[in-house]
Structure formats: C-alpha cells, structure tokens
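What follows is a set of notes on a single structure, which appears directly below.
The values are calculated or read from the model by the stated rules, or taken from the named source; none is laboratory data. It should be emphasised that the depicted structure is a prediction, and the values quoted were computed from it without experimental measurement. In this analysis, Cβ positions are derived from the backbone assuming ideal geometry, glycine residues included, and neighbour counts consider all displayed protein chains. Side chains are part of the model used for accessible areas, which takes the heavy atoms of the whole protein and leaves out ligands, DNA and RNA. Shrake-Rupley method; radii C 1.70, N 1.55, O 1.52, S 1.80 Å.
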Amino acid sequence: EDKDLDSSDDDDDDDNSDDEDDEDVEAAEKRMKEEMQKLAESDPDFHKYLQNNEASLLDFQTIGEEGGGGGDADADDAMDVDDADADDGADDGANIDKEAKTKKDNVIIVNAKLLKTYETGAFEESHGIKPLRKIIAAYTSACRMSDANSNADSNDDSAGGGGGGKKNYHIESSTVFDKLMVTCLTKCHEEFHYHLLGKGSSLNDNDNDDDDDDDSDDSDDNKEDQETTDINIDPNKPINPKHLTKSIRWSQLKYSIQSFLKSTLHLMTEAKETKLLKFILKSFTHYVPYLSAFPRLAKAALKTFTSIWSNTSSDASPQYQSVRLASFLRIRQMALIMPFPFIEQCLKSTYLSYAKAAKFATAATVSSLLPTLTFMGNCVVELYSLDYASSYQHAFIYIRQLALHLRSALQKKSSEAFRVVYCWQYMHCLKLWTAVLAATCKNKNIISNGGGGNGGGTKDGTSTEIEMEVTAGDDDEVALMRSLIYPLVEIIFGVARLIPTARHLPLRLHCVRYLQQLAAASEMFIPTTSILLDVFDLREVTSMVPKRGGGGNNRGKGGKGGGKSDVRGVRLPLILKFPKVDALRTSEQLDASLAEVFLLLNREADLYKYSAGFPEFTIRICQRLRKFAKVTKNGKFRAYTKGCIELCEKHSKAAVLSRSKLEEAPKDIKRIEVLKPNNVPSMGERYEMAIAKEKRLEVAEQPVVSEAAKRKARDVERKAKAEQEERERERAAVEERKKLNKNKNKKQKVQVNEEALKNVDVLKEEDEVAEGIDWSESESESDSE
C-alpha cells in the first residue's frame, strides 16, 4: 500500500500514471503527438511501419477509454461507460466544457451548468466514473484556492499522479463554490461505495455489453461475485483494505479517492469559520473507513484532527467546543475501525496533546483553560477505555514518567526539580490518570454485570461486542489497568509530602481529592487522613492570628497586606500555592483552607462508613479534632469540628452494631463495604453524588460578573499566557546558548608549536619592554582570549 501511495509522485513521462489521471488526457495526447513527430524525424522508417501496420497506436482520440484513463473532450466519453441513461446529458456537458475551456488556456471555468452536468453524470442514477473524477478534480482545486501556490499544489496532489499540462479548475461564483463543497462532501462517499463495494464493482464495461451469450456457469459466478461484493459500510466498523484493493474499479478510483481525502484534510487546516469546520468534520464520518487503504493519509488525518481538538488558542465558545467534539469523534472513529496498531497512535497523540495544553494552565490562565482541559481529559478517558491491552502499555509508560520526575525532585532537591513537579502540567497529568483508572474500574463493574461495551479497534482489526465467553479476557485486561492504581497512589502521596509547607497546602488538597476518587471508584482502602490531619499541626493554623485582606486574590505577586480582597475569596481549585508573603495568614486563606479540610474529612468518613474497621479508623480523627477544638477560638471552626466528630461517632456506632451480626471472622472479610445494605448506593455512587452536590453549591455561590469584567479578565489571562510563552522561549534560548558555548569550549584546543619549544636560543634573548608600562591588563585579556 505504501508503494501505491508513492507511485502518485512518479515522473510525468510514466504512461501508466498518465492513464490513471482523470483530466490530463488532452495534455497526454499533445505530448504523444510531439513525441511521434520527433520519432518521425529521427526514425522515419519505424514511423512509416507504425502507420502501415499499427495505425491504431497513433489514434490518440481513444486514449483513456479503457483502464480508468483520464477524461475526454467528447461528451459520450465524459459519461460513465456502464450506464447508458447518461448519454442524453453528455452532449450538453461537452458543449459547456468546451465553452469553459475557451476562456483561458489550460483552465476550466466551473459554472452552474457545468457543475450540474458533472453532478448528473457522477451521481443520481448515472454512476459515471469519469464525471466523478472530474468533479473530484474540481473539488480539489476549490479546496486549494486559498493557497498562494494553488496551481503547483493542485498539480502535485490532484487525482491521477500528476502530469505536465494538467487542467486546473477555477470557480468564480461563491454560490457554485458552496454547492460544489456540499455536493462532494455529502454524495461522493455513496459513489465510492457503489463502485468499490456495491453493485458497480461487479459490472463490466460497455465494451463487453454485446457478449450476451455467455455460459450459464459464468453468469452464475458473476451473480455470486455481485452478491459478495455488495458490502454495507458502517462508519463505526472497520473495512478490510483487501476488499477495496481487490475491486475492479480500484485502479480507476484510487488516485481520485486519495486526492479527495488529501484535499479535505487540507481544507480543514485552512478553514477559519466554525460552522464550515464543523460541517466538514461531520461529513468526513463516511470517508474515514477509506483511510484504511492509505496508511500515510490516516496518520495525516490523525494529526489534523488532534490539532483541531487540542487547539487552545481559539476561543472557548460553545460553537468551537462543538468543533472539538466533532474532531474527537473522528479520532475515536479511527481508533475503532483502523487496523490494530493505529489505536496506539491515537492514544499517544491525544495524551501528548493534552499534556502540551496543560503546560500553559498557569495560575493566571487556569480559569479560562480549565473547561477546555476538562473536556479534553474526558475525551482521553473515553479513548483509553476502548482497548485496555493497548491502554495499559501507554498508561504504564506515562505514569512511570511521572514517577521519574518525582524521584528526580526527591534526589536533587533543587528549585528547578521541584518546579517540574509542583506545576499545573504535572497536576493535570495526575488528574487525568486518576480519571482513567477510575473509569476503568467503573467499566469493570459494567462488564461483570453482563453489560455491553465497545470492543472495536482490537488487534485483529474487528469490532466485537461484549459476550459472556469473552468476559474472562476483559477481566484480565481490566486487572492490568487496576494494577496501576498502586504506583499512581504512591506517586500522589509522594507529591503531597514533597514540600510539606503551609504555602503548598492547596496542592496537597488536590492530591487528597485524587486519592479519594481512586478509592471510591476501585472500592479500595486508601486513607488520606494523615495528610488532612497534618494541617492542624501547621504553625499558621495553631496560632490563628489572621490578617484582614490582602490574601483574596492569589494571582498577584506576593499578596501583600493592605490590598483589595477578591469578592470571590480564595478559590482553592484554581490555585496550587499561596503567595510567598503571608502564606495562610489571611482570614480568606484560613477560611477556605479549613473549610476544604473539613469537607474532605467528612467525605472520607462517608466513603468508609460501611467498612468493618471504621470504628478503629475514626479514633485518630476524633482525638485530633477534639484537641483542635480546645485550641481554636474561632466559633465557626469549632462548629466544623463538632459536626465532623458527631458524624464519625454516629457511623462508628452503626458499624459496631452491624459487624456484631457478621458470621465471617475479620480475617475472612474480603470486601471493604461488607456492612453495606443492599439498597444503599456504593462508594462510587456516593462519591459522585457528593461531587455533584458540591458543584451545584459552588455555582450557586459564585457572584454575577459583568461582561466588562469578563472581557477584562480574558485580556489579563491572554496577556499572562503570552508572557508565559515568551518566558518559555527565552529560557529555551538561554539553554541553547549555554549548550553551544559548552560545545565550543570543548572543541577549542591549545595548539603547541613544537619547533618553538625546541629553539633554546629564544630564551636567551632580552625582552624589548619599556619600563613603567603595566602589561597585566593586556596579558589577562590575551589569556582570556
């Protein structure tokens, strides 16, 4: 298949490629006539022999009639040879074609009448191959109208492999342009299916229509071939590339399909309007199955879709979000229907694009990028749930990469190493893998309950349904993914304990949320009380001497006292650390931090309340909270403490009563929620309900912001993002200069003149240096040089 793709770029003198071209027949005839004239001059005897014996070779008007050659100027040849019903409109098409060609040499002006002729001959009931290739050539030229080098690009990428003197199409009317785009994108896939996998793939040419007296066995064989080749295409199921390449019409349509796909991908990269891009992406659904015959184009398509999906420079409007969704659906479709190794490319490209986008989610821009990153993260989670065998390999590699960054920070203990871990990019990657493993555990519960799922994109290239006999294999693959929970939990704990200061308290609370999400989805015991209770040992919390103001807006540099407080207070989900000055010293920071700590403590108690060991688990929590209640003088914090203690004691009494009725011994208990009644939601369901309630309260508490304030905030975030990118470029340039200077110093070697060393008489000569002149400065300069 790669050789077939490469053949489209061969030299223009290749007669086979000229036969495959759909529009350069006239140029080929002209070139052949010139070659025959040269042959008549150089070898007149041979030319005379051809005229007498093989005159048909010199009749260039019939070139391209067979074997999928290019289009003809005559109208009868412009229609498909397999359908006689298109002959009526062919003559009109020839006249229109000739009139269009007379306007400008080597350029065909596409007007409404010519487009209607092509559409009638290629679609509807005609199913003509030559009109189909003509309209695809016009579509190719239209897709590249915005290029500065449109003529050169269309010669290289149009159907047929390209040759000298190729016809170019020019569309002057915007109405004709729009109609051409809509017609090709909505109807060409039907003709591809008809000629390659439908009824048209088993029909013979008109040259064989007179052979009506064939044997009955041959007719039966043709009927069987027609039945077997009439394959229905499901956009979400793979097509074996052999079914396409073995088709009779494949040699005639191969380069046209390749040109169509390539031009459509080019149009996606050039399209600026959201509605146009959305329409192209949705229409491309029917053409994705044909990418299986063009591996290189499939990689280019994946790159294009990923670029559109991960484009964070565009606005986060709902219109462009629909474009991102349509682009991801094409990525998911390719992962399902392309041959097996291709899904690994999809997994790799989407994760790397997510990590690249998360790099710019700083404290100044995270509020604007957070919705986009959340959407991208959900898309990656969906993609990694298609094939757990491939997902495990990629997840293992990337989680190990996060572990190596953490190990480097623990060993070096430098600010640069800490900065690699304590940044939004690293935290978003942790959040992503937490969501991936949590979704894997949820899907495992669905499979174990007999539910269905997507098995497409598997190693055998087929799309399968979940059945009872394959459940064991699915459980093994899910078990592989679940085995990654332990290393991820260790990484999250290591990140939380890397810098245990009050300034990085928001980051530790992020880690606690990730751990609780994993525990709820996997129904494992992952206690986070050690991180939460350490907050009450911080000096800033125990002293409880808050400063008023200055700590609300954490996007400033330092958060100095006396500043104007943000009306929204401190939003911990949008920050990783407090300002250097007065970290956790202001009332806003203390209120937000302790409220978050008590919220997570209550959620921890709610997760494990049906565990047999819950009474012993809450002893440490109650002891530390009682101690804090005696120290604090804040009435609100004492109320938080009292409520958490009462909740723990309530669930402890219920657990003691329930476990007294168990028949199993403590060592025989395998489930963490052994005390849960049948009609009570599971850990995962309770966690999801708690998160949904928290989001509703957060939305209700947010104040109404005016449009002017929103525009101002967007401008500030855009400026901060530009400054961040500029700093990244400057840092990369400095590192590059350091490397160049280091390499340059290594290459410089001291050249020693051996003859001067052997000349002993030079030492006896007197120095001609005047007294009173200080040469130290010049000598140091020469030494430094």
Checklist entry - Cα-Cα pairs above 29 Å in segment 270-422: how many percent? => result 25 percent
Next on the checklist: What does the extension gain come out to for residue 537 and residue 571, with contour length at 0.36 nm per residue minus their alpha carbon separation?
Outcome noted: 10.0 nm
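From largest accessible area down, sort 428, 243; use a 1.4 Å probe on the protein chains.
Result of the area sort, largest leading: 243, 428.
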Checklist entry - What accessible surface, in Å², does a 1.4 Å probe find on residue 608, ignoring ligands, DNA and RNA and rounding to the nearest 10? => result 10 Å²
Next on the checklist: Could you report the accessible area of residue 118 in Å², rounded to 10, computed with a 1.4 Å probe on the protein chains as they sit in the structure?
Outcome noted: 10 Å²
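To the nearest 0.05, what FRET efficiency results for residue 51 and residue 242 with a Förster distance of 56 Å applied to their C-beta separation?
Efficiency, from the Cβ-Cβ distance: 0.80.
What order do 246, 577 take when sorted by accessible area (1.4 Å probe), most exposed first?
These residues rank, largest area first, as 246, 577.
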Checklist entry - Do any of 653/695; 134/199; 580/721; 272/299; 278/303 go past 26 Å between their Cα atoms, and which? => result 653/695
Item to check | Cα-projected label distance for residue 486 with residue 400, points at 7 Å along beta-carbon direction, nm | outcome: 1.6 nm
Next on the checklist: Could you compute how much accessible surface residue 385 exposes when probed at 1.4 Å, giving the result in Å² to the nearest 10?
Outcome noted: 30 Å²
Next on the checklist: Can you sort 285, 365 by solvent-accessible area, 1.4 Å probe, largest first?
Outcome noted: 285, 365
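Counting every Cα pair in segment 653-719, what percent are over 18 Å apart?
Every Cα pair in segment 653-719 considered, those over 18 Å come to 65 percent.
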